[in-house]
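Novice: Sharing a structure here in C-alpha cells format.
The values are calculated or read from the model by the stated rules, or taken from the named source; none is laboratory data. Keep in mind it's a predicted model, so treat the numbers as computed, not measured. Here the Cβ positions follow ideal geometry from the backbone for every residue, glycine too, while neighbour counts run over all protein chains shown.
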Amino acid sequence: MVVCNSVLLIVPRELIPASLREISRIAKPEARIFIGEIPFAEQEDPTPQFKTRRETLSFLYHNRGLRAWLGMLRRMAWWQISGRPAIIHAGTAISFFAPPEEFIATARNAGLEIVRYWQSDYPRNRNNYLFRKVA
C-alpha cells in the first residue's frame, strides 16, 4: 500500500504527472494507493494583505509570535539594505487542485486505476482517492 496524504497539493501542477508515475513505479502490482486531500477547486489566497510594514509586523507579532516577527523583520531589513523588492509569496503560490475527472485521467495515464473517490470530511473542498496499480 502507498499512502500520500496532503502532499501533492504543494507540488507544482507540471510535476503532478511525474509524481504519479513515480508512485506507480514504486508500488507493487495490484497495490492499493491512497492519495488524500486533493483540492477540487482553486483555493482562496490565505495571505493577509497589509498596506504598511508596521501593519505586517504587528499582525505577525500578535498572531504568529516573536519568532515569525523576527524572521520578517530580518527579511525586511535585507530587502532595504540590498535594494531588492519586498516579496511575500501567496499561500496558494504552489497549490495544486484538480476536479476529480482531471485528476483521475492524470492518474490513469500514470498506470493507476481508480477504485473510488470521496469528499474529505475536513476540509470539505478536497477529495480522497483510492487507486490500484494496474498489473
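Novice: Looking at segment 74-87, I want the residues that are at pLDDT 90 or above and have a partner that is of a type in the set (A, V, I, L, M) and part of a loop (DSSP other than H, G, I, E, B) with Cβ atoms under 7 Å, at least 6 apart or on another chain. Which pairs are those?
Specialist: Listed pairs, sorted by first residue: 76/86; 79/86.
Novice: Which one is surrounded by the fewest Cβ atoms within 10 Å (Cβ to Cβ) among residues in segment 117-135 that are farther than 24 Å from residue 43 by Cβ and either among the small types (Gly, Ala, Ser) or at pLDDT 95 or above (or both)?
Specialist: 135
Novice: Considering segment 1-46 alone, what residues qualify as being in contact with a Leu (Cβ under 7 Å, 6 or more places away or on another chain) and outside any helix (DSSP H, G or I)?
Specialist: Scanning segment 1-46 gives 32, 33, 34, 35, 37, 38, 39.
Novice: Would you say residue 24 is of a type in the set (Gly, Ala, Ser), modelled with pLDDT of 95 or more and under 26 Å from residue 119 (Cβ atoms)?
Specialist: yes
Novice: So which residues in segment 14-67 are charged (D, E, K, R) and either closer than 19 Å to residue 125 by Cβ or buried (at least 17 other Cβ atoms within 10 Å of the Cβ) (or both), if there are any at all?
Specialist: Listed by number, the residues that qualify are 37, 42, 44, 45.
Novice: What number of residues within segment 1-10 are within 20 Å of residue 41 (Cα to Cα), surrounded by fewer than 16 Cβ atoms within 10 Å (Cβ to Cβ) and either of a type outside the set (Gly, Ala, Ser) or outside the structural domain of residue 39 (by TED's automatic domain parsing) (or both)? First the steps, then the outcome.
Specialist: As a first pass, look at segment 1-10 and keep what is within 20 Å of residue 41 (Cα to Cα): 4-10.
Okay, now just the ones that are also surrounded by fewer than 16 Cβ atoms within 10 Å (Cβ to Cβ), so 5-7, 10.
From what's left, either of a type outside the set (Gly, Ala, Ser) or outside the structural domain of residue 39 (by TED's automatic domain parsing) (or both): 5, 7, 10.
Within segment 1-10, residues that are within 20 Å of residue 41 (Cα to Cα), surrounded by fewer than 16 Cβ atoms within 10 Å (Cβ to Cβ) and either of a type outside the set (Gly, Ala, Ser) or outside the structural domain of residue 39 (by TED's automatic domain parsing) (or both) number 3.
Novice: Something else about it: Identify, by number, the condition in (1) exposed (fewer than 12 other Cβ atoms within 10 Å of the Cβ); (2) under 17 Å from residue 13 (Cβ atoms) that residue 83 doesn't meet.
Specialist: Unmet for residue 83, out of (1) exposed (fewer than 12 other Cβ atoms within 10 Å of the Cβ); (2) under 17 Å from residue 13 (Cβ atoms): (2).
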